[in-house]
């Protein structure tokens, strides 16, 4: 893997994310890149389902939100340190996803997509009525919890670096899976699930495994993100529009590729930032996202990477 | 000696239609058994019952002495039973080599990726796809897709191969090539159960032929015995051309 150029492309992206805000000394740039890192994490992991196995997960945000809740709860109510709480969120949500996956992955196509929305809505309804997690009012974290990390200012930097690390791991996870036998089986499922099964691919187990794997890093990202906000409530944690944005991003960049979701996330975040600051188009990004999705599905199903590969076929070996 | 594949009392109905009806037969190691019968006789359904696409209503399928009745298709594949589809099922956006690699990876030997690629390349060469390894399956002609279907099944290094009309839709040159490939597969010690409408080919390929009609076994024997069986000729009378062909072979 170390000898493949793409390994170093990912390393370069991580380095740029980590160093740019330090060198520029720019907190605004850091906040913008932090959102980009979250988007890349969500879109890359969604891509494991969408681009590899060919299953549309409309409710992928449930991993992020549930991870946030577990992390915030463990820190606030149980006094766990950040690292342990975030990791527990990842493991817990992954396990939950595996169990849910065994159930809903018996469904295919539109029925699966609908059931993923159902999972998100069900968890949101549960959390809204779950008193230990503050019900619909949500949970607050005391700012004292930033002290072990050297105060709020430094804590924000640390959370940023951790999120960049999670983003990097997401890209490497996508890469490792794609280069493996597991990945080949997933791609076969994405192409023709019945044929894959006849060829011996253990479809059900693979689907549940990838559903679970695609939950791990978004849950950790959710934990870090809501720790940074020091506040979490059901409406923010399980916001379906973020799920939709993740799908737009993966499709925009090129589903099934590794560079695609990252490129799509960066461009989308730039676009969103620009729309938010322009007075006329404030909060207009979802309209644009919807239109973008239509255009991509109709005219460029391969997304940006599909276009790039068509134009420069040799890049296929470098940018996977 | 126990048979490689043993079917006992196998039945499957679809909404009142008995597609396979109390069928029993056996296949020994190294044999090529031909399966013929009019359209709708239950031949493809039988394949789907053997490799686990459908679960039978009744009966047993034993492979290698192991009961595989109703086992999922991927488990059956692991046991060393591979098949091709009458309507080809290529993984369209993957290359020829990748298609075959899937077969090799998840087949009987459960090979790691690198060795699976070698095995895939070898079988692609065997069926004559060596020039098309990096082509997407979608770009192949029908004859190419048929070969791919066979190469992919073969990449799993199966003990038993179920071939569902691999010759249908091919021109005479392609048929000759494919028949040659099937002979070479047999020389490797692979047993074959083959469905085919093309009498010339199936009569020359098969050691033994089983005739199905309405899901039941109508006749069984060597190609010559079967072709002379009055019941078989009777069943084919609805299709005079086929009856004629049968006669000419015998």
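In the set B:169, B:189, which member is part of a loop (DSSP other than H, G, I, E, B), farther than 19 Å from residue B:144 by Cβ and touching a residue at least 24 places away in the same chain (Cβ under 8 Å)?
Of the residues listed, the single one that is part of a loop (DSSP other than H, G, I, E, B), farther than 19 Å from residue B:144 by Cβ and touching a residue at least 24 places away in the same chain (Cβ under 8 Å) is B:189.
Among what's in segment B:108-139 and is buried (at least 21 other Cβ atoms within 10 Å of the Cβ) and in a loop (DSSP other than H, G, I, E, B), pick the residue that is nearest to the other protein chains (Cβ to nearest Cβ).
Top of the filtered list is B:111.
Just one of B:105, B:100 is within 23 Å of residue A:190 (Cβ to Cβ), more than 18 Å from the chain's Cα centre (by Cα) and within 14 Å of chain A (Cβ to nearest Cβ); which is it?
After applying the criteria, what remains is B:105.
Pull up segment B:215-230, narrow it to residues that are modelled with pLDDT of 90 or more and part of a loop (DSSP other than H, G, I, E, B), then point me to the one that is nearest to residue B:172 (Cα to Cα).
B:222
Which of the residues belonging to segment A:166-181 are in a helix (DSSP H, G or I) and touching a residue at least 60 places away in the same chain (Cβ under 8 Å)?
Scanning segment A:166-181 gives A:166, A:167, A:168, A:170, A:171, A:172, A:173, A:174, A:175, A:176, A:177, A:178.
Name the single residue that is surrounded by the fewest Cβ atoms within 10 Å (Cβ to Cβ) among those in segment B:46-69 being away from every other protein chain (no Cβ under 14 Å), on the phi > 0 side of the Ramachandran plot and in a loop (DSSP other than H, G, I, E, B).
B:65
How many of the residues in segment B:140-156 are more than 11 Å from chain A (Cβ to nearest Cβ) and not in a helix (DSSP H, G or I)?
The qualifying residues number 2.
Just to be sure, is residue B:102 part of a strand (DSSP E or B), under 23 Å from residue B:186 (Cα atoms) and at pLDDT 95 or above?
no
Determine whether segment B:75-94 contains at least one residue that is surrounded by fewer than 23 Cβ atoms within 10 Å (Cβ to Cβ), in contact with a strand residue (DSSP E or B) (Cβ under 7 Å, 6 or more places away or on another chain) and away from every other protein chain (no Cβ under 13 Å).
no
Kindly indicate which of A:148, A:152, A:218 is over 30 Å from residue A:7 (Cβ atoms), in contact (Cβ under 8 Å) with a residue 12 or more places away in the chain, in a helix (DSSP H, G or I) and away from chain B (no Cβ under 14 Å).
A:148
Could you go through segment A:261-270 and let me know if any residue there is buried (at least 18 other Cβ atoms within 10 Å of the Cβ), at pLDDT below 95 and outside any helix (DSSP H, G or I).
No, segment A:261-270 has no match at all.
Quick check, is residue A:188 within 14 Å of the chain's Cα centre (by Cα) and either surrounded by fewer than 23 Cβ atoms within 10 Å (Cβ to Cβ) or in a helix (DSSP H, G or I) (or both)?
It is false that residue A:188 is within 14 Å of the chain's Cα centre (by Cα) and either surrounded by fewer than 23 Cβ atoms within 10 Å (Cβ to Cβ) or in a helix (DSSP H, G or I) (or both).
The values are calculated or read from the model by the stated rules, or taken from the named source; none is laboratory data. Predicted model, so just to flag it, every value in this text is computed and none were measured. Heads up, the Cβs are rebuilt from the backbone with ideal geometry, glycines too, and the neighbour counts pull from every protein chain shown.
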